[in-house]
Each structure stands twice: as C-alpha cells, then as structure tokens.
Amino acid sequence: MYFHPLHSPDSNLIGYLLADLDEQEAIVIDPPPRQTELVLALLTERNLRLCHVLRTHVHQVDAADCSPLCDRTSAQLVVGESAALPAGCGRAVHRAAHGSRLVFGNEVVRVLSTPGHTPGCLSYLWRDRLFCGDAFDVGSCGVGDSEADPGAMFDTLTRRLFTLPEQTLVFPAHPIRGRQVATLGELRTRYASRLQYSRDAFITDMSHRRERRPGSRTGAPTLPR
Ligand SMILES: [Zn+2]
C-alpha cells in the first residue's frame, strides 16, 4: 500500500496518490493544478502505472485542468454522472455511478454519490479512508457557492456519509480548519447540533449562515464552529 498526499500550498488543495506497489498500479484523486510533474516523478520513482485520475467534483468555473496528467499517461478521468468536465480535457471520461467500484492492482475503491457541494459530487472509499472533496469543509471552496444545494447536503450527510464507521479517516480537498485528516466520528460530533432538527431547518440554518458570512457570494455553507 502506498499513500501520498499532494498538498499544494499556493492553491491550498490536497490531492492523493494511492498505489498497489506489488502490482505497480496507481490512482490519483483530485490532483492539484501545477503538480503534474510531481505526480509523474512519483510514478516514475516507483515504476507505477497510473490507471485513473479521480475527481470528487468539478466546478463549472474550475480552472483546474487534469488533462496534462491524462494526456501524459494512460489514465482515465473519472467524474460524477452530472459533473461538469474539466476545461481542456479531451480524453474519454468515465462517469462513475453510486456503488460502482474502481480497481487498481489488487485494491478497490468504492464510489459514493455525495451531492450537495455540487450536484455531481462523488466521494471515494478506499480501505478505512474516505476522500470526500469539499463535502465537509465547503466553506473554504468559494467557487462552489452557486452550485451548492443544502437539502442535498443534508441527505448526503445523514443518509450516506455519517452511516459509515466513525473511525473512518476523512481526507478532504482542502485542510479542515488547518488539519488534513479527521475521523468521521469527530465530524459527526461537530455537525450534531445542526443535524438534530429537520431537513427544512437545516436548509434554513444554511441560508442564514450564508447571509451572515462576510463578503460571501450566495450559496456556500460553512463548516460548523
Ligand atoms: Zn469545491
């Protein structure tokens, strides 16, 4: 097992390189822009073949472009069924459905549909690790403002993500309040006060938080404090 976070300080994005070293196959999740050369070097260092480039979500105005990595390897781009496509990516794209599985070497990644931050958001479950993009720390991703759906987020949190074991390690696309990993149990505790009421109350609470957020564009909920 090989697990290598790819933190880009300039964009504050975190990608993840995963590999089966025995079978020499790898995947990368949400590769940060301008880190193509780094990912290629890490692949070369261990003689790994990149099978898939997985995106948890793609914003309509997303400037991130993972086509260089696809173009320079045989990797296939994987996005959600209703995700926007990255600008400039001309390769064949695999739109992964909820419950489907992606394989690299002897490792399996389970695909979870987790809309809310954007309509086409996916999360990826690998062993005890969840890669969920901005499903939790959406306040740090301002470009998601107009695409966020608080009702869908409530459903994703209550019916999907918080049904996973609480020791699940959550790896986000941005640091969560300065941290790059949290357990699902911690996040469940943090969200408890906001999820104890009805779906409608959650949506209303989100709307109020948006209005109060200084300098906010309409739309992005923020992480509970
Ligand atoms: Zn986002």
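Just rank M153, M206, fewest to most, by other beta-carbon atoms within 10 angstrom.
Going from sparsest to densest Cβ surroundings: M206, M153.
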Using the Cα gyration tensor of region 1-44, the equivalent ellipsoid's semi-axes, largest first and to the nearest Å, work out to 20, 10, 7
Once phi for every residue in region 8-19 is put through the Karplus expression 6.51 cos²θ - 1.76 cosθ + 1.60 (θ = phi - 60°), the whole-Hz ³J(HN,Hα) values, with Gly and Pro written as x, are 9, x, 5, 9, 6, 9, 10, x, 9, 9, 10, 8
One would report the Cα pair-distance distribution of region 2-212, bin width 5 Å, in %, as 1, 7, 16, 20, 21, 16, 10, 5, 2, 1, 0
Quick P(r) readout (region 157-198; Cα-Cα; 10 Å bins; whole %) gives 28, 56, 17, 0
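Throughout, read-outs are computed from the coordinates displayed, never taken from laboratory work. It should be emphasised that the depicted structure is a prediction, and the values quoted were computed from it without experimental measurement. Positions of Cβ are backbone-derived with ideal geometry, glycine not excepted, and every protein chain shown enters the neighbour counts.
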